[in-house]
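I have placed the structure first, in the form of structure tokens, so that the comments after it can refer back to it.
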Amino acid sequence: MTTETKKTTPKKTVTPNDPLRPSRVTPIVIDATNLVVGRMASLVAEQLLKGAAITIVNTEKAVFTGNTKPLVQRWQTRLDLRAKGTPEHAPRFHKTPDRIVREIVEGMVPSRVERGQNAMRRLKTLIGVPLNVKKETLQTLEKAKNTKTKGITSVLELSRALGYNQIVKG
């Protein structure tokens, strides 16, 4: 009989000076004004998986392209799923602009594995521009810029159609 030896790979330990640790990474601040949500989300997801920390501001000003009515119906269908069965155990879907953008980015990250969970911890989505972020230089993603003038719906319009009634300044 031969005895097989198992190869064990050592687990990676996070040291206090680890550059991929979320507290050590300086966040990239992205202004989502007039950016197409899907294009922006794919670019953000790519950077998150590479280890960058990203803060997205003005999420309510990001836009969807296409007809508004089917867009609202598709999102409303997700909200209606909560009423089936016991609401405590049903999936939770959000109406706020920052959470909608976060859900879209999360859909482009393997969020059920550790790598994706760590990436999502490095993402912040914010409504407006808070005072602590105003001093940062805001970047924009040229590849995600919206060039259309017709057939666009902002994330705030979608949120209000779903029942979000918070007053957003700006």
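Restricting the first member to the stretch 129-146 and to residues that are among the polar types (S, T, N, Q), and the second to residues that are surrounded by 14 or more Cβ atoms within 10 Å (Cβ to Cβ) and assigned to a helix (DSSP H, G or I), no beta-carbon pair is closer than 6 Å while six or more apart or on different chains. Listed by position, the helices (runs of 4 or more DSSP H) contained in the stretch 55-144 that have at least 2 residues being exposed (fewer than 15 other Cβ atoms within 10 Å of the Cβ) and at pLDDT 90 or above are 68-80, 114-121. One residue alone among Val36, Val25 is hydrophobic (A, V, I, L, M, F, W, C) and modelled with pLDDT under 95, and that residue is Val25.
Could you tell me which residue of the stretch 145-170 is modelled with the lowest pLDDT, considering only residues that are in a loop (DSSP other than H, G, I, E, B) and surrounded by 14 or more Cβ atoms within 10 Å (Cβ to Cβ)?
Going through the stretch 145-170, the residues in a loop (DSSP other than H, G, I, E, B) turn out to be 146-151, 163-170.
Restricting the remaining residues to those that are surrounded by 14 or more Cβ atoms within 10 Å (Cβ to Cβ) gives 146, 164, 168.
Working: Asn146: 94, Tyr164: 92, Val168: 59.
Here the answer is Val168.
The values are calculated or read from the model by the stated rules, or taken from the named source; none is laboratory data. Owing to the predicted nature of the structure, the values given are computational and were not obtained by experimental measurement. Glycine gets a Cβ as well: all are built from the backbone with ideal geometry, and neighbour counts include every protein chain shown.
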